[in-house]
Amino acid sequence: MWAPPDVWYRPRPMTRRKALTKTQVRAIREGLVEERAGLLSQVADLDAEANVKNWRDGGFDDDPADSGSASFERETAQSLSNHARKLLEQIDDALRRMDAGTYGLCERCGQRIEVERLEALPYARLCLECKRRDETGR
């Protein structure tokens, strides 16, 4: 059925989102601190694995296949380490927002981030609506 254009572009009503309880924030913080400790250990292990000196002292001769495999494994370890470092930055940022009292607020629109989203992705900075806009460019 046809509708006038103003109906097509009518903004959606704002829904009231629940705030996180202190218990929920405490549980999320504990999970973030635990995940952070695991990532720090992972970064240290990956950095040690990617260390060029370790690869040279490992007994590899000048065989191109061995050298290529070693290079690939080193680059993989570096890539995984970089990804873990980015997660650490996001976790540290979430912990800072908790300390500042702004955790759970969308950094773009200022609305509360959905509790389910924070439970699934505790370092989320944007609500679902803003994240969708971010990803689609709309």
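Data table
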{"quantity": "Count of segment 112-138 residues which are touching a helix residue (DSSP H, G or I) at 6+ places or on another chain (Cβ under 8 Å) and of a type in the set (S, T, N, Q)", "calculated": "0"}
{"quantity": "Those residues of segment 112-125 which are in a loop (DSSP other than H, G, I, E, B) and more than 20 Å from Arg96 (Cβ to Cβ), in sequence order", "calculated": "Glu114"}
{"quantity": "Residues of segment 18-40 satisfying the condition of being surrounded by 15 or more Cβ atoms within 10 Å (Cβ to Cβ) and of a type in the set (A, V, I, L, M)", "calculated": "Leu20, Val25, Ile28, Leu32, Leu39"}
{"quantity": "Tabulated pairs, segment 92-114, first over 12 Å from Glu129 (Cα atoms) and crowded, with 18+ Cβ neighbours inside 10 Å, second at pLDDT 95 or above and hydroxyl-bearing (Ser, Thr, Tyr), C-beta under 8 angstrom, 6+ apart or interchain", "calculated": "Ala94/Tyr103; Ala94/Tyr123"}
{"quantity": "Failed item, numbered, when Ala77 is tested on (1) modelled with pLDDT under 85; (2) surrounded by fewer than 17 Cβ atoms within 10 Å (Cβ to Cβ)", "calculated": "(2)"}
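Conditions tested, residue by residue: (1) assigned to a loop (DSSP other than H, G, I, E, B); (2) more than 30 Å from Gln24 (Cβ to Cβ); (3) at pLDDT 75 or above.
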site	(1), (2), (3)
Asp45	no, yes, yes
Gly59	yes, yes, no
Ala70	no, yes, no
Glu89	no, no, yes
Asp92	no, no, yes
Asp99	no, no, yes
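The values are calculated or read from the model by the stated rules, or taken from the named source; none is laboratory data. In this text the structure is predicted, and so the values were computed from the model without any measurement. No Cβ is skipped: glycine too gets one built from the backbone with ideal geometry, and neighbour counts run over all protein chains shown.
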